[in-house]
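K.L.:
This structure is in structure tokens; I'll ask about it shortly.
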Amino acid sequence: MKIGTPKEILADEDRVAMTPASAKDLQKLGYTCVIETGAGAKAGFSDQSYKDAGVEVVKTGAALFKAADIVAKVRPPTDTEVKRLRKDQTLISFFYPAQNEKLMADANAKGATVIAMDMVPRISRAQKMDALSSMANIAGYRAVIEAGNNFGRFFTGQITAAGKVPPAKVLVVGAGVAGLAAIGTATSLGAMTYAFDVRPEVAEQVESMGAEFVFLDFEEEQQDGASTGGYASVSSPEFAAAQLAKFRELAPDMDIVITTALIPGRDAPELWTKDMVDAMKPGSVIVDLAAERGGNCKLTVKDEKIVTENGVTIIGYTDFPSRMAAQSSTLYATNIRHMMTDLTPEKDGKPVHDMEDDVIRGATATHAGEVTFPPPPPKVQ
Ligand code: NAD
């Protein structure tokens, strides 16, 4: 069968779901590969590099959808792309089925199978296909680079002939995948890094990366907002108040604040209030990785960079992985290739859609004429 990747339609999306290297691996699984002309250009992959990897290049998105049995892309399909789907075709992409019910119903009406990369269960066996994690890792890294680009000083402390420079102080709020990547990047640049999370179990990970975990002076400690299935749940009002009091204390001292706090299925919790921004020094930078879901910082403007009256830069970009398109395309294409490996047990270019397989079942939003989202909880962890 044939796997194809169209050019992403969204204006600011520079990623591509197939690279020349992933195409070679897909061919080892027995597939032939096809790509729309220019699909990899913004990620640094020319048409010629695909041709050299044995990939057929077609001229239009319409031709691509016609040629491919399996369409792999990054963003959820547009209405035009859904119209191009056909019976027994498989679409693999980020899909966010809970937020895209109509799109899912339309794809199902076309008889297509939809595999949502954002629905891959977060169990050990599926880590190699966990595109949420591979993209969050990039976002965390890039958030620090973006902060550095807008911060007028060094991260690392220096003693030079021209004077003594103190290290920058970085606070990372939320130590999940993106937060840990941000911590690793900030400490490796020499900053003094602090981190907070409602899940106490991450304290050890934070400390092992050279950062200081911020504990609250709160009776039930971080346990109060602790996890459900590895994720955070909503904090009690008392816990939330203790958290804000701690942040208020830290705000004047922090040069860079990276916020990444999310609770599944909810708007981002508001954790960095206006008075905290007001208390920060001029030249400080906030990067709000939760901007897509409303932001952790009260003043964040989605997709924009603003500078407050007191000189604090607040970055609300939501396209960090796309800003590192070469890296993110490479990792995402590898996530897709691993998904295809699991779908192709015989390596014969023929996918077997095994709905008894936790990972395939979990990621499948529509199949064989049925909407199969939401999936049951995975049997194994
Ligand atoms: P996420 O993006 O949903 O949330 C980011 C972080 O924000 C989380 O660490 C969360 O605890 C934290 N948070 C929520 N509310 C907060 C608040 N009020 N204050 C401070 N922090 C707050 O999370 P994620 O990065 O996708 O990962 C969450 C969990 O899933 C982690 O335990 C991670 O290790 C686990 N995980 C497991 C696998 C796997 O086993 N395959 C893969 C990825 C992630």
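K.L.:
Tell me, please, whether a residue that is on the phi > 0 side of the Ramachandran plot and within 26 Å of the chain's Cα centre (by Cα) can be found in region 74-88. Spell out the reasoning first.
P.N.:
Filtering region 74-88 down to residues on the phi > 0 side of the Ramachandran plot leaves 88.
Narrowing the set further to residues that are within 26 Å of the chain's Cα centre (by Cα) leaves none.
Within region 74-88, not a single residue is on the phi > 0 side of the Ramachandran plot and within 26 Å of the chain's Cα centre (by Cα).
K.L.:
Of the numbered conditions (1) within 16 Å of the ligand (Cβ to nearest atom); (2) among the small types (Gly, Ala, Ser); (3) under 28 Å from GLY40 (Cα atoms), GLY295 satisfies every one except a single condition; which is it?
P.N.:
(3) is the only condition that GLY295 fails.
Condition check ((1) within 13 Å of the ligand (Cβ to nearest atom); (2) in a helix (DSSP H, G or I); (3) in contact with a Cys (Cβ under 7 Å, 6 or more places away or on another chain)) across all residues:
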residue: GLN127; (1), (2), (3): yes, yes, no
residue: SER133; (1), (2), (3): yes, yes, no
residue: ALA136; (1), (2), (3): yes, yes, no
residue: ALA139; (1), (2), (3): yes, yes, no
residue: GLY152; (1), (2), (3): no, no, no
residue: THR156; (1), (2), (3): no, no, no
residue: VAL172; (1), (2), (3): yes, no, no
residue: ILE183; (1), (2), (3): yes, yes, no
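K.L.:
A follow-up question, please. Report, by residue number, each residue of region 299-317 that is under 19 Å from ILE138 (Cβ atoms) and crowded, with 17+ Cβ neighbours inside 10 Å.
P.N.:
ILE315, GLY316, TYR317 - these are the residues of region 299-317 that are under 19 Å from ILE138 (Cβ atoms) and crowded, with 17+ Cβ neighbours inside 10 Å.
K.L.:
Are any of the residues in region 94-102 over 23 Å from GLU370 (Cα atoms), surrounded by fewer than 22 Cβ atoms within 10 Å (Cβ to Cβ) and in contact (Cβ under 8 Å) with a residue 40 or more places away in the chain?
P.N.:
Within region 94-102, the first condition is being over 23 Å from GLU370 (Cα atoms), and the residues that meet it are none.
Looking through region 94-102, none of the residues is over 23 Å from GLU370 (Cα atoms), surrounded by fewer than 22 Cβ atoms within 10 Å (Cβ to Cβ) and in contact (Cβ under 8 Å) with a residue 40 or more places away in the chain.
K.L.:
How many of the residues in region 94-124 are assigned to a helix (DSSP H, G or I) and modelled with pLDDT under 95? Can you show your working first?
P.N.:
Just the residues of region 94-124 that are assigned to a helix (DSSP H, G or I), to begin with: 101-109, 117-119, 124.
Those still in the list that are modelled with pLDDT under 95 too: 124.
Matching residues across region 94-124 total 1.
K.L.:
Determine which single condition ASP69 fails, assuming it passes every other condition in (1) loosely packed, with under 15 Cβ neighbours inside 10 Å; (2) over 17 Å from the mean Cα position of the chain (by Cα).
P.N.:
It is condition (1) that ASP69 fails.
K.L.:
Could you tell me whether GLY316 is on the phi > 0 side of the Ramachandran plot and within 20 Å of the chain's Cα centre (by Cα)?
P.N.:
Numbers: on the phi > 0 side of the Ramachandran plot: no; within 20 Å of the chain's Cα centre (by Cα): yes.
Judged against the criteria, GLY316 is not a match.
K.L.:
Hey, among the residues in region 235-254 that are assigned to a loop (DSSP other than H, G, I, E, B) and either surrounded by 14 or more Cβ atoms within 10 Å (Cβ to Cβ) or among the charged types (D, E, K, R) (or both), which one's farthest from the ligand (Cβ to nearest atom)? Explain how you work it out, then say what you get.
P.N.:
Residues of region 235-254 that are assigned to a loop (DSSP other than H, G, I, E, B), as a first pass: 235-236, 254.
Still in the running and either surrounded by 14 or more Cβ atoms within 10 Å (Cβ to Cβ) or among the charged types (D, E, K, R) (or both): 235, 254.
Working: SER235: 5, MET254: 15 Å.
In this case the residue turns out to be MET254.
K.L.:
Please give the strands (runs of 3 or more DSSP E) falling wholly within region 1-93 in which 3 or more residues are touching a Phe, Trp or Tyr at 6+ places or on another chain (Cβ under 8 Å). Break it down stepwise before answering.
P.N.:
Working: elements: 2-5, 32-36, 56-58, 70-72, 90-93.
In region 1-93, 2-5 are the strands (runs of 3 or more DSSP E) which contain 3 or more residues that are touching a Phe, Trp or Tyr at 6+ places or on another chain (Cβ under 8 Å).
K.L.:
Do the conditions hold for LYS83, that is, is it surrounded by 18 or more Cβ atoms within 10 Å (Cβ to Cβ) and among the basic types (Lys, Arg)? Spell out how you get there, then give the answer.
P.N.:
On the way: surrounded by 18 or more Cβ atoms within 10 Å (Cβ to Cβ): no; among the basic types (Lys, Arg): yes.
No, not satisfied.
K.L.:
Yes or no: PHE95 of a type in the set (Phe, Trp, Tyr), away from the ligand (no atom under 16 Å from the Cβ) and farther than 18 Å from LYS2 by Cβ? Before you say what the answer is, go through the steps one by one.
P.N.:
Values: of a type in the set (Phe, Trp, Tyr): yes; away from the ligand (no atom under 16 Å from the Cβ): yes; farther than 18 Å from LYS2 by Cβ: yes.
Yes, satisfied.
K.L.:
Here's another thing I want to ask about it. Here are some conditions: (1) hydrophobic (A, V, I, L, M, F, W, C); (2) more than 23 Å from the chain's Cα centre (by Cα); (3) surrounded by fewer than 16 Cβ atoms within 10 Å (Cβ to Cβ); (4) within 19 Å of MET340 (Cβ to Cβ). ALA21 meets all but one. Which one does it not meet?
P.N.:
(2)
K.L.:
Quick one: in region 200-212, which of the residues that are in contact with a helix residue (DSSP H, G or I) (Cβ under 7 Å, 6 or more places away or on another chain) and outside any helix (DSSP H, G or I) is farthest from the ligand (Cβ to nearest atom)? Even if it seems obvious, please write down each step before you answer.
P.N.:
Looking only at region 200-212, we keep the residues that are in contact with a helix residue (DSSP H, G or I) (Cβ under 7 Å, 6 or more places away or on another chain), and these are 200, 205-206, 209-211.
Okay, now just the ones that are also outside any helix (DSSP H, G or I), so 209-211.
On the way: MET209: 13, GLY210: 18, ALA211: 14 Å.
Looking at residues that are in contact with a helix residue (DSSP H, G or I) (Cβ under 7 Å, 6 or more places away or on another chain) and outside any helix (DSSP H, G or I), I get GLY210.
K.L.:
Tell me the residue from ASP217, ASP224 that is modelled with pLDDT under 95, crowded, with 19+ Cβ neighbours inside 10 Å and more than 10 Å from the ligand (Cβ to nearest atom), please.
P.N.:
Working: ASP217 fails: crowded, with 19+ Cβ neighbours inside 10 Å.
Only one candidate passes the filter, namely ASP224.
The values are calculated or read from the model by the stated rules, or taken from the named source; none is laboratory data. The model shown is predicted, which means the values in this text are computed figures rather than measured ones. We place every Cβ from the backbone using ideal geometry, glycine too, and count neighbours over all the protein chains shown.
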